[in-house]
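Remarks on the structure that follows.
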Amino acid sequence: MTASANIATGLARIGMALRADAWSQAGTKNLSPTQAQILVHLVQRGPARVSAVAEALAVTQSTASEAVTTLVRKDHVERRSDPDDARATLLHATETGRRLAHELAVWPDALLGAIDALDPVEQAAFTRGLVKMIGALQERRAIPVQRMCVSCAHFRPHAHSDAARPHHCAFVDAAFGDAAVRLDCGEHVAADASVQLESWTRFKEAAA
Ligand code: SF4
């Protein structure tokens with residue numbers, strides 16, 4: 001088996017465990033995994049159109065619309081006019097939807113425990129590998145663009161000589177290491193294409 005097939009097998013095993021957990025967690029709240037994901041997305045990212053939700057979660061518009069209809073019927077989501085476009089509607093989580101989303105947005109203990117079992121060097125290498133893999137998948141348009149440090153205007157890769165904390169976040173004005181490179185950050189601001197390219201190159205080269 002090649003190294004890539006071996007890693008893909010490992011990722012698939014982890015994916016299976018996560019899917020099983022997502023089904024059982026969502027099931028206890030009487031939701032499907034897609035409905036649960038939409039609810040968590042709206043609470044974490046704020047009001048959005050159905051098309052934007054579908055794109056962010058990499059599902060078809062009809063799958064997202066169907067899930068939203070159920071969420072609206074259950075009073076977890078409501079549709080309101082988009083202040084920027086009177087013909088469009090935005091999805092908002094209701095108060096009960098918010099409460100539910102906070103209960104759903106918790107990673108399984110088994111997964112967190114398995115990650116905690118890695119030592120700091122392994123966690124840093126793992127995060128670096130994930131960032132590079134997600135970047136490559138984005139380039140191939142296999143997954144939606146993520147709010148990662150590497151594409152953020154606040155990111156300064158390898159700005160410090162400290163090997164343990166070489167990167168800098170200009171938003172919080174602090175140094176951090178590879179294990180803390182964010183894969184989904186609420187403060188992310190997309191950098192210009194040329195800055196993103198420079199950051200990616202610097203991050204990949206210095207990590208090699
Ligand atoms: S704001 Fe967030 S995404 Fe941007 S560099 Fe800082 S931690 Fe990374």
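The values are calculated or read from the model by the stated rules, or taken from the named source; none is laboratory data. These numbers come from a predicted model, not from an experiment. Every residue, glycine among them, receives a Cβ derived from its backbone with ideal geometry; neighbour counts consider all protein chains shown.
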Close pairs from the range 127-156: first within 16 Å of A190 (Cβ to Cβ) and in the same structural domain as L197 (by TED's automatic domain parsing), partner of a type in the set (S, T, N, Q) and away from the ligand (no atom under 14 Å from the Cβ), Cβ under 7 Å, at least 6 apart
V145/Q138; Q146/Q138
The one condition A175 fails out of (1) in contact with a helix residue (DSSP H, G or I) (Cβ under 9 Å, 6 or more places away or on another chain); (2) at pLDDT 95 or above; (3) more than 9 Å from the ligand (Cβ to nearest atom) is (1)
Among what's in the range 147-162 and is within 30 Å of A54 (Cβ to Cβ) and surrounded by 19 or more Cβ atoms within 10 Å (Cβ to Cβ), pick the residue that is farthest from the chain's Cα centre (by Cα).
F155
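Here is a list: R147, R141. Which entry is closer than 24 Å to A105 by Cα and out of contact with any strand residue (DSSP E or B) (no Cβ under 7 Å at 6 or more places or on another chain)? Working first, answer last.
Working: R141 fails: closer than 24 Å to A105 by Cα.
Result of the check over R147, R141: R147.
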Which of the residues belonging to the range 1-41 are among the polar types (S, T, N, Q) and at negative phi?
T2, S4, N6, T9, S24, Q25, T28, S32, T34, Q35, Q37
Can you confirm whether G113 is in contact with a Leu (Cβ under 6 Å, 6 or more places away or on another chain), away from the ligand (no atom under 14 Å from the Cβ) and under 26 Å from L18 (Cβ atoms)?
no
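Only one of R87, R80 is in a strand (DSSP E or B) and either among the hydrophobic types (A, V, I, L, M, F, W, C) or modelled with pLDDT of 95 or more (or both). Can you tell me which? Give the derivation first.
Working: R87 fails: either among the hydrophobic types (A, V, I, L, M, F, W, C) or modelled with pLDDT of 95 or more (or both).
Exactly one of R87, R80 is in a strand (DSSP E or B) and either among the hydrophobic types (A, V, I, L, M, F, W, C) or modelled with pLDDT of 95 or more (or both), namely R80.
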For the range 34-54, what are the residues that are under 16 Å from D84 (Cβ atoms) and assigned to a helix (DSSP H, G or I)?
V50, S51, A52
In the range 163-208, how many are exposed (fewer than 15 other Cβ atoms within 10 Å of the Cβ), among the aliphatic types (A, V, I, L, M) and part of a helix (DSSP H, G or I)?
4
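Here's the yes/no breakdown for (1) hydroxyl-bearing (S, T, Y); (2) out of contact with any helix residue (DSSP H, G or I) (no Cβ under 9 Å at 6 or more places or on another chain):
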site	(1), (2)
L112	no, yes
G129	no, no
L137	no, yes
A159	no, yes
A191	no, no
S194	yes, yes
Looking at (1) in contact with a helix residue (DSSP H, G or I) (Cβ under 9 Å, 6 or more places away or on another chain); (2) near the ligand (Cβ under 9 Å from one of its atoms); (3) more than 27 Å from H41 (Cβ to Cβ), can you tell me which one C152 breaks?
(3)
